[in-house]
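The values are calculated or read from the model by the stated rules, or taken from the named source; none is laboratory data. Computed from a prediction, not measured in an experiment: that's the story for all the values here. A quick note on method: Cβ atoms are made from the backbone with ideal geometry, for glycine too, and the neighbour counts reach across all protein chains shown. The area values use the complete protein model at the heavy-atom level, side chains included, leaving out ligands, DNA and RNA. Shrake-Rupley method; radii C 1.70, N 1.55, O 1.52, S 1.80 Å.
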Amino acid sequence: MQVKELFNGIKTNSSLESNLDITGLSIDSRRVSAGNAYICLKGTVVDGHDYCMEAVKNGASLVVVERPLEVDIPQVVVADTREVIGRLASNFYHHPRNRFKLIGITGTNGKTTTTYMVKNILECAGYKVGLIGTLGAMIGEERVNSHLTTPDPIELHQIFSKMANAGVDAVVMEVSAHAIALKKMSGVVCDVGVLTNVTQDHLDFFGSFENYASTKSRFIKPDFCKLGIVNADDKIGENIVVACENCKHSNFRVRSFGLKNPADNFATSIKYDMNGTHYFLNLNDDLVCINTRLIGEFNVYNALAAATACHELGVDVEAIKLGLNSMDFVPGRINVIRLKNGASVVIDYAHTPDGLENILLSVRKITTGKLYSVFGCGGNRDRGKRPIMGEISARLADYTVLTSDNPRLEKPESIILDIEKGIHKPHEYISIPDRALAIDYVIKSLHPGDVAVIAGKGAENYLDIGGEKIPYSDYEAVREAENKLLNEEPQCKQL
């Protein structure tokens, strides 16, 4: 692609070399190849401008910069490289996003499950669907290489291109708060934008909840989506509804869903048990009977978000009903394992205070015996949530096992001490830093009717210890602990 075509619609402070051909785009100087344009990004730790000479040495034919550099190849100066990189990628891949419907989903909790719900509903309606998120990217059931919840702009538009060329009708994607803050979605406008909820997370990056919440709520604006869908029971969602009642953008609308506050779409007659959840959805006065394997009130919220998004795209209620009723467990999201002794284990990705509280509250409603909580907190991340999660577990579970969850460069014991600061009331708990041993300990303690919630890892297949990713799985740890117990002499241990 020629430079002028690459920069079409992008404001620059430089003249453009019309006869220069660009073979690809890169933000990593180490991966630049002959004929590439190298875009210099300022990161939180390093500045891409400092690696420009390496990019030139590796064959870059053009550099995109925020300040002029002493290089012997053409350079284009722009005000903000983060702002333009997505637009450059869109131009380079010939605007693939324009060839399908796009549903973007952000929020602290529920993004992954909601994207899978939307995918399932749309497929039941006859759409060919692409998905991008925490668990990777997919075209139908085919896996596509992807490295982040919301890929960097060049990779994102490359994936869009693959999906468009494969003939997808719609793409549903997770949009992280980091992606919004780092302008990964610059130039991309979703047909529908969904905000599931906003609770404490990532304060190590955003500094305060106010900054984090402001970043999330920015997604429900005309720059990011044509139609916004928000949770009326979430304070941030409620504020967005109020702010948009007198919105000046006549083409921008906001629809709401909820269970408690007045909302456009809601659910009634909800019944929970260990086999699933049963309720009616009211979608613009269309009643839809839902019988799903997915447990928990928060999955009713996720279903409302997904159903509202699809309904606004014109999907009929029968496809919505079929899509939700046929939903299988999303890997790492409230996955129930029934043990041979009559107890159960629930594995879930919950790693925030709100996420842990939601899963424990939901499982408590359907637990006939004791409720056990097994969790830790990630190292080198928001330390403020650690005692909060300790307080939540002490309040809602009968017994807590504190353990490791990606300690990274911190000592697991130090993280656990931070969690313990929140356990104020008398509460039975134990600290076992080795996660596999912690799970083994709990499995040995379960009796018929008991449930253990193992939170934080979900479908992750590693533990990040000392900066090294060690192969590990909560599922395998549970199965190994049960097999070990079954092969031992019969015994019961009461915590």
Please determine, by comparing only the residues of the range 206-226 that are within 15 Å of R255 (Cα to Cα) and either open to solvent by 10 Å² or more (accessible area, probe 1.4 Å) or among the acidic types (D, E) (or both), which one is modelled with the highest pLDDT. K226
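Here's the yes/no breakdown for (1) under 29 Å from I366 (Cα atoms); (2) outside any loop (DSSP other than H, G, I, E, B); (3) not polar (S, T, N, Q):
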residue	(1), (2), (3)
N239	no, yes, no
A243	no, yes, yes
R255	no, yes, yes
F266	yes, yes, yes
L287	yes, yes, yes
L294	yes, no, yes
A305	yes, yes, yes
Look through V478, V453 and report the one residue that is within 20 Å of H351 (Cα to Cα), open to solvent by less than 10 Å² (accessible area, probe 1.4 Å), part of a helix (DSSP H, G or I) and in contact (Cβ under 8 Å) with a residue 60 or more places away in the chain. V478
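Table: residues versus (1) surrounded by fewer than 16 Cβ atoms within 10 Å (Cβ to Cβ); (2) over 26 Å from the mean Cα position of the chain (by Cα); (3) hydrophobic (A, V, I, L, M, F, W, C).
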{"site": "D382", "(1), (2), (3)": "no, no, no"}
{"site": "I388", "(1), (2), (3)": "no, no, yes"}
{"site": "E391", "(1), (2), (3)": "no, no, no"}
{"site": "D405", "(1), (2), (3)": "no, no, no"}
{"site": "I415", "(1), (2), (3)": "no, no, yes"}
{"site": "K421", "(1), (2), (3)": "yes, yes, no"}
{"site": "K425", "(1), (2), (3)": "yes, yes, no"}
{"site": "Y429", "(1), (2), (3)": "no, yes, no"}
Could you pull out the residue among D354, D328, D286 that is modelled with pLDDT under 95, among the acidic types (D, E) and more than 25 Å from the chain's Cα centre (by Cα)? D286
V144 passes all but one of the listed conditions (1) closer than 25 Å to Y38 by Cα; (2) in contact with a His (Cβ under 8 Å, 6 or more places away or on another chain); the exception is number (2)
Those residues that are open to solvent by 30 Å² or more (accessible area, probe 1.4 Å), assigned to a helix (DSSP H, G or I) and in contact with a strand residue (DSSP E or B) (Cβ under 7 Å, 6 or more places away or on another chain), I need them from the range 335-366; list them, please. R364, K365
Of the listed residues (S445, S473), the one being surrounded by 15 or more Cβ atoms within 10 Å (Cβ to Cβ), within 24 Å of the chain's Cα centre (by Cα) and of a type in the set (S, T, N, Q) is S473
Condition check for K221: in contact with a helix residue (DSSP H, G or I) (Cβ under 8 Å, 6 or more places away or on another chain) and part of a loop (DSSP other than H, G, I, E, B): no
Residue count, the range 274-285, condition in a strand (DSSP E or B) and open to solvent by 50 Å² or more (accessible area, probe 1.4 Å), comes to 2
Filter the range 151-196 for residues that are among the β-branched types (V, I, T), closer than 26 Å to R386 by Cβ and assigned to a loop (DSSP other than H, G, I, E, B) and give the result. T196
What are the pairs, 6+ residues apart or on separate chains, where a residue within the range 197-213 that is assigned to a helix (DSSP H, G or I) has its Cβ under 7 Å from a residue that is among the basic types (K, R)? D204/R381
Against the definition (assigned to a helix (DSSP H, G or I) and touching a Cys at 6+ places or on another chain (Cβ under 7 Å)), how does I443 come out, yes or no? no
Of everything in the range 307-334, what is closer than 24 Å to L227 by Cβ, part of a loop (DSSP other than H, G, I, E, B) and of a type in the set (D, E, K, R)? Give them in sequence order. D316
Residue within the range 150-161 that is at pLDDT below 90 and either touching a strand residue (DSSP E or B) at 6+ places or on another chain (Cβ under 8 Å) or surrounded by fewer than 20 Cβ atoms within 10 Å (Cβ to Cβ) (or both) present: yes
Checklist (1) modelled with pLDDT of 95 or more; (2) closer than 24 Å to K365 by Cβ; (3) more than 23 Å from the chain's Cα centre (by Cα) applied to G314, failing item: (2)
Residues being surrounded by fewer than 16 Cβ atoms within 10 Å (Cβ to Cβ) and modelled with pLDDT under 85 - total across the range 140-149: 2
